[in-house]
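The structure appears below as structure tokens.
The values are calculated or read from the model by the stated rules, or taken from the named source; none is laboratory data. Remember, predicted model here, so these are calculated numbers, not experimental data. Cβ coordinates were reconstructed from backbone atoms using ideal geometry, including for glycine residues, and neighbour counts include every protein chain displayed. Protein only, heavy atoms only, side chains kept; ligands, DNA and RNA dropped before computing areas. Shrake-Rupley method; radii C 1.70, N 1.55, O 1.52, S 1.80 Å.
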Amino acid sequence: MSKDDQILEEFTSKEYEHGWSTDIESDQAPKGLSEDTVRFISAKKEEPEWLLEWRLSAFRKWQKMKEPKWPNVTYPAVDYQDIIYYSAPKQKKQLDSLDEVDPELRETFEKLGISLEEQKRLTGVAVDAVIDSVSVATTFKDKLAELGVIFCSFSEAVKEHPELVKKYLGSVVPVGDNYFAALNSAVFSDGSFCYIPKGVRCPMELSTYFRINAANTGQFERTLIIADDASYVSYLEGCTAPQRDENQLHAAVVEIYAAKDAEVKYSTVQNWYPGDKNGKGGIYNFVTKRGICAGDNSKISWTQVETGSAVTWKYPSCILKGDNSTGEFYSVAVTNNYQQADTGTKMIHIGKNTKSRIVSKGVSAGHSQNSYRGQVQVMKRAEGARNFSQCDSLLMGNQCGAHTFPYIDIENSTAQVEHEATTSKIGEDQIFYCTQRGIDEESAVALIVNGYCKEVLNQLPMEFAVEAQKLLALTLEGSVG
Amino acid sequence: MSEVAERNIVLAGFNDRFENLDDSVSFHTHRRDAYDSLCETGLPHIKNEEYKYTNITKVLESKFSTLDKGNSDIEPAVLEKMTIDGLDVHKLVFVNGIFSSELSDNGMPEGVKIINVAQAVADDNERFLTNFGKASATNDDAFLKLNTALSEDGAFIEVEKNAIVSKPIALFFINDASKQSLYSSARNLIIAGENSQSTFLQYYMTEGNEHSFTNVITEVIVGENAHTNLYKLKNNKNSAYHIGTTQVHQSKSSVFSSYTFTLSGAIVRNNLNVASDGEGCETHMFGLYVLDGNTHVDNHTAVDHIKPNSYSNELYKGILDDNAKGVFNGKVFVRQEAQKTNAFQSNKNILLSDTSVINTKPQLEIWADDVKCSHGCTTGQLDEDALFYLRARGLSKDSARSLLLYAFAIEVLENVKIEPLKVYLESIISERLHKDF
């Protein structure tokens with residue numbers, strides 16, 4: 001028997017041994033990725049046949065794809081066969097009081113000004129009976145249901161609203177869109193689903209509920225937001241608190257569909273583990289986010305504050321298909337130590353009189369590399385398209401780098417496209433001005449950086465903006481001098 | 001598999017020409033190295049980021065399968081077409097990439113040594129051999145290798161220390177495509193000595209109606225404190241293909257200015273790579289492209305700031321009409337050591353028709369913190385308010401438009417330091433802009 005046959009034999013017999021292709025008692029898929037893993041996940045989640053087929057087609061496409069090498073980041077190769085693609089939510093060790101929590105983590109919470117109850121929730125301390133997060137969540141849910149807003153986990157949506165999921169899943173980010181999107185499509189574990197019916201203005205930031213209820217969304221998250229005609233929703237993802245996640249690779253997909261006159265505002269604050277001071281460890285954040293302004297006069301706005309992750313690869317994009325539709329992208333990306341970020345956006349103008357605005361602020365400190373990569377494309381028929389892009393970089397220290405890669409492709413003579421970018425450091429005169437007035441250097445830097453990022457931070461919902469400001473200062477701690 | 005097969009079409013085409021070169025000269029090792037390296041990598045296709053928008057290899061494959069050198073009996077009268085009124089130059093003429101002593105001016109301006117490359121190669125000229133490829137050492141562009149592998153002739157110009165050369169040295173490149181399609185590849189080397197001042201003009205023209213392909217490299221080594229100006233002008237036929245690479249190496253306190261004007265060409269690719277390798281270097285790059293018909297221009301520029309306290313400024317503007325396609329890629333690198341660098345870059349475009357296209361990518365890559373770098377890029381059309389203002393004052397729509405376009409172009413033109421050349425370019429451009437309306 002040749003070696004190949006032997007491996008094959010071993011492999012197949014092993015499969016039999018556990019019998020996991022039919023029997024779904026186990027809570028964890030074996031390591032590695034194969035068609036059987038995909039089937040296992042699908043079976044485990046009791047998914048309908050069409051979704052399994054959808055996953056499989058994604059998997060087959062993924063097999064033929066190559067990991068992209070064009071981003072301006074370097075990281076050791078990921079072994080996709082060494083990952084457990086499905087495991088039931090881990091039961092965290094319940095702590096009895098906050099005193100048991102890592103003091104360093106607590107200190108961070110203090111600085112961010114996160115409430116005690118919130119701290120307990122984030123660290124997994126048993127929550128006091130008085131503050132019943134479940135009941136709070138239920139109250140929200142009732143209120144939303146009254147308006148017809150559907151907001152639930154992805155698995156729930158597959159069961160309760162299969163027609164909606166089937167119609168929109170993969171309509172913005174096709175299964176074979178890119179390497180990580182294909183991987184996500186094949187193995188996504190869960191995520192959130194949101195549907196706003198016609199003419200409804202969602203009365204609350206969808207984060208509130210999200211933050212209480214769905215903290216552990218996992219590694220391959222899938223989000224689908226559908227805003228029907230003339231509806232409005234503001235959606236918040238992530239949180240400012242540091243996330244100590246064990247998973248090294250994160251490949252999420254977010255799809256937004258905005259129908260006629262609809263408006264979707266999507267804000268992200270990402271503060272995953274960036275690795276230690278020497279660049280060891282940390283999360284790889286490879287995310288595909290895209291929204292389509294399918295109907296006329298629709299609007300999608302992305303706001304992101306990226307401070308975590310060792311490697312970030314993320315381009316929230318807008319396809320401006322409907323006439324008069326608008327796309328916006330506001331971003332603050334802060335990198336310190338050995339972090340690397342390659343982030344930006346794509347604005348694809350297809351409809352007439354479409355508008356887009358890009359404001360990107362990068363701050364690099366330590367040994368980090370921060371890149372803006374964006375594309376503005378005006379198609380032949382996109383008459384009267386208008387774009388304004390601004391991407392500024394701030395460098396702190398002489399070991400870091402800031403890079404800009406804007407692609408501007410124009411095929412229509414009525415388009416007006418502007419792009420400007422600057423790179424500089426914090427002026428010594430600015431620091432001097434602050435220190436002269438009794439502000440120490442570190443706070444001065446935080447103050448100046450906050451001012452620099454204000455344009456983006458202003459786009460965040462109130463409660464988040466305050467936390468994000470503190471987060472910026474915290475990320476840059478120790479980068480001065 | 002198919003990729004290899006595709007490479008071979010072009011490589012087979014120039015194999016004969018390579019084999020016919022004289023392999024007894026020591027220069028041949030350069031050619032041999034480039035040839036071997038090119039055989040390994042092949043020519044770039046659109047999957048290559050640098051050639052994403054410009055598929056020039058395809059043109060080579062479909063129209064220049066033999067890379068013919070061509071032969072020519074060009075009349076001196078042709079040169080008159082390239083005469084610029086009132087401009088006194090020292091003239092060097094190259095026909096199909098080969099130096100023509102009959103058409104060129106005799107003698108040498110004071111303080112300048114001029115030898116044609118074929119002569120320098122035959123003589124094993126030591127200055128030539130030691131400086132050849134120095135400015136392009138880091139460039140592994142396939143067309144640069146293709147040029148090196150087939151380089152036979154060109155200009156080798158050395159400006160002596162402290163020499164101030166008032167008369168511009170003009171290099172006229174004429175491709176005679178009246179009998180057959182041809183591929184020419186001139187290779188120039190310019191060494192500007194310390195404290196010298198000199199101006200060079202490169203003018204490209206094609207005669208005849210067959211296809212013509214130019215792949216020219218000019219290496220410029222700018223010595224300490226030297227001031228060097230390089231003008232490049234292409235007023236080719238719209239059937240001519242052109243790849244021109246200028247490789248510049250600047251030493252301490254030197255000033256280098258480049259002016260690139262592209263007024264026609266089926267596919268034109270201008271590469272300008274500047275290594276700012278000394279403290280206090282100044283680099284100016286100006287470009288203007290005014291195109292109509294089925295033309296395509298691709299300007300790739302890169303400035304690499306290696307040492308501190310240097311300055312670079314770049315301004316490229318374009319007006320595109322009909323099916324013209326414009327590509328701009330400007331790179332600015334600031335290395336970690338290059339503190340206190342000031343680098344500015346600007347690219348502005350006007351699209352006049354719905355079938356014209358612009359792809360622009362201004363790129364900054366910065367590793368030093370104490371710098372001031374910025375780039376700006378706009379694409380649009382004429383300002384309605386400005387048009388209204390002029391029309392309200394009695395200008396016809398057409399003349400108002402051409403006036404505004406002319407004003408748009410003049411921002412680049414006014415930097416031209418040679419007055420007769422400026423007048424010459426202004427007349428070509430204003431004629432072009434009027435014709436369109």
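Calculated translational diffusion coefficient of region B:228-308 (25 °C, 0.890 mPa s; Stokes-Einstein with Kirkwood radius over alpha-carbon pairs) equals 184 µm²/s. Which percent of the accessible area of region A:252-411 is formed by carbon and sulfur heavy atoms (probe 1.4 angstrom)? Looking at region A:252-411 in its full context, I get 45 percent from C and S.
With all protein chains present and a 1.4 Å probe, how do B:R32, B:R269, B:R17, B:R401 order by accessible area, largest first? Can you show the working numbers first?
On the way: B:R32 95, B:R269 5, B:R17 30, B:R401 65 Å².
Result of the area sort, largest leading: B:R32, B:R401, B:R17, B:R269.
In this view, the solvent-accessible surface of A:R373, computed with a 1.4 Å probe and all protein chains in place, comes to about 30 Å². Per-residue surface analysis assigns B:E210 an accessible area of about 80 Å², computed on protein heavy atoms at 1.4 Å probe radius. Annotation: amide H of B:N359 within the under-5 Å range of A:I410, B:G326, B:V327, B:F328, sequence separation 5 or more or interchain, hydrogens built in the peptide plane.
At a probe of 1.4 Å, how much accessible area disappears from chains B and A on forming the pair, both sides counted, to the nearest 100 Å²? Kindly include the intermediate steps, with their values, before the conclusion.
On the way: alone 17960 and 22230 Å², together 37430 Å².
That pair of chains buries around 2800 Å² in total.
I'd like the antiparallel share, as a percent to the nearest 5, of DSSP beta bridges with both residues in chain B. Bridges in chain B are about 5 percent antiparallel. In the full protein context, region B:288-395 carries 32 Å² of accessible surface per residue, based on a 1.4 Å probe and ignoring ligands, DNA and RNA.
With chain B treated as a Gaussian network of Cα nodes joined by springs under 10 Å, which of B:G376, B:G330, B:G287 yields the largest mean-square fluctuation? Per the Cα network of chain B with a 10 Å cutoff, B:G376 tops the list. Restricting the calculation to alpha carbons of chain B gives Rg and Dmax of 21.3, 73 angstrom.
If you take the square roots of the eigenvalues of the alpha-carbon gyration tensor of region B:69-203 and sort them as a ≥ b ≥ c, do you get rounded (a/c under 1.5), prolate (a/b over b/c) or oblate? Verdict is oblate for region B:69-203.
Once the cut-off is 43 Å, how many percent of the Cα-Cα pairs in the protein assembly as shown end up in the long-distance tail? Show your work: numbers first, answer last.
Working: 176366 of 420903 pairs.
In whole percent, the long-distance tail amounts to 42.
Take B:K307, A:K66, A:K280 and sort them by solvent-accessible surface of the protein heavy atoms, 1.4 Å probe, largest at the top.
Numbers: B:K307 60, A:K66 175, A:K280 145 Å².
The ranking, largest first, comes out as A:K66, A:K280, B:K307.
Long hydrophobic helices in chain B: the complete DSSP H runs spanning 18 Å or more by Cα along their own axis with mean Kyte-Doolittle hydropathy of at least 0.0 are B:397-413.
By how many nm would the segment from A:R437 to A:E35 lengthen if fully extended, with 0.36 nm per residue of separation less the alpha-carbon distance?
138.3 nm
Of the residues A:P71, A:V253, A:I319, the one whose Cα sits farthest towards the positive end of the charge dipole of the protein assembly as shown is A:I319 (charges of +1 on Lys and Arg Cβ, -1 on Asp and Glu Cβ, taken about the Cα centre).
Order B:S254, B:S430 by their accessible area, 1.4 angstrom probe, all chains in place, largest first. Numbers along the way, then the final one.
Values: B:S254 0, B:S430 35 Å².
Accessible-area ranking of B:S254, B:S430, largest first: B:S430, B:S254.
About the centre of its Cα atoms, the protein assembly as shown shows a dipole size close to 1640 debye [charges on the beta carbon of Lys, Arg (+1) and Asp, Glu (-1) only; nearest 20 debye].
For the protein assembly as shown, what is the mean residue ellipticity at 222 nm derived from helices alone (per DSSP H run of n ≥ 4: -39500 (n - 2.57); sum divided by total residues; nearest 500 deg cm²/dmol)? It lands at -8500 deg cm²/dmol.
What does the convex hull of the Cα atoms of region A:429-481 come to per residue, in Å³, rounded to a whole number? Walk me through the intermediate numbers first.
Details: hull volume 4.1 nm³, N = 53.
Output value, Cα hull per residue: 77 Å³.
Could you tell me the center-to-center distance, by alpha carbons, between region B:112-173 and region B:372-410 in angstrom? Each part reduced to its Cα centre gives a spacing of 42 Å.
Per-residue surface analysis assigns A:D36 an accessible area of about 40 Å², computed on protein heavy atoms at 1.4 Å probe radius. Considering only B:G380, B:G193, B:G318, the Gaussian network model of chain B with Cα springs below 10 Å gives its largest mean-square fluctuation to B:G380. For region B:150-231, the fraction of C-alpha pairs farther apart than 23 angstrom is 31 percent.
Using the beta-carbon distance between B:D16 and B:K167 and R0 = 45 Å, what value does 1/(1 + (r/R0)^6) give for FRET efficiency, to the nearest 0.05? Could you put the intermediate results ahead of the total?
On the way: r = 40 Å, r/R0 = 0.90.
According to the calculation, E is roughly 0.65.
Cα centroids of region B:245-272 and region A:169-185: 43 Å apart.
The Cα-based radius of gyration of region A:251-312, divided by its Kirkwood radius, gives an Rg/Rh of 1.16. Over chain B, Cα pairs under 8 Å with separation of 6+ residues give a relative contact order of 10 percent. Backbone amide hydrogens, once placed in the peptide plane, bring A:S371 within less than 5 Å of A:A341, A:D342, A:T343, A:H403, excluding anything fewer than 5 places away on its chain. Candidates B:S276, A:S331, B:S184 compared by Cα position along the dipole of the protein assembly as shown: farthest toward the positive end lies A:S331, with charges placed on Cβ.
The calculated FRET efficiency for the pair B:N106 and B:S353, based on their C-beta separation and a Förster distance of 56 Å, comes to about 0.70.
Residue pairs exceeding 21 angstrom between C-alpha atoms, taken from A:K346/B:K58; A:K44/A:K166; B:K113/B:K252; A:K198/A:K321; B:K234/B:K331: A:K346/B:K58; B:K113/B:K252; B:K234/B:K331. Note on chain B: with a GNM built from Cα contacts shorter than 10 Å, the maximum mean-square fluctuation among B:A149, B:A192, B:A137 falls on B:A137.
Separation of region A:447-464 from region A:405-438 is 16 Å, based on Cα centroids. When a 1.4 Å probe is rolled over the protein heavy atoms, the share of accessible surface on region B:17-114 that falls to carbon and sulfur comes to 46 percent. Quick one: putting +1 on the C-beta of Lys and Arg, -1 on the C-beta of Asp and Glu, what dipole do you get for region A:286-412 around its Cα centre, in Debye to the nearest 20? With only Lys, Arg, Asp and Glu charged at Cβ, the dipole is about 260 debye.
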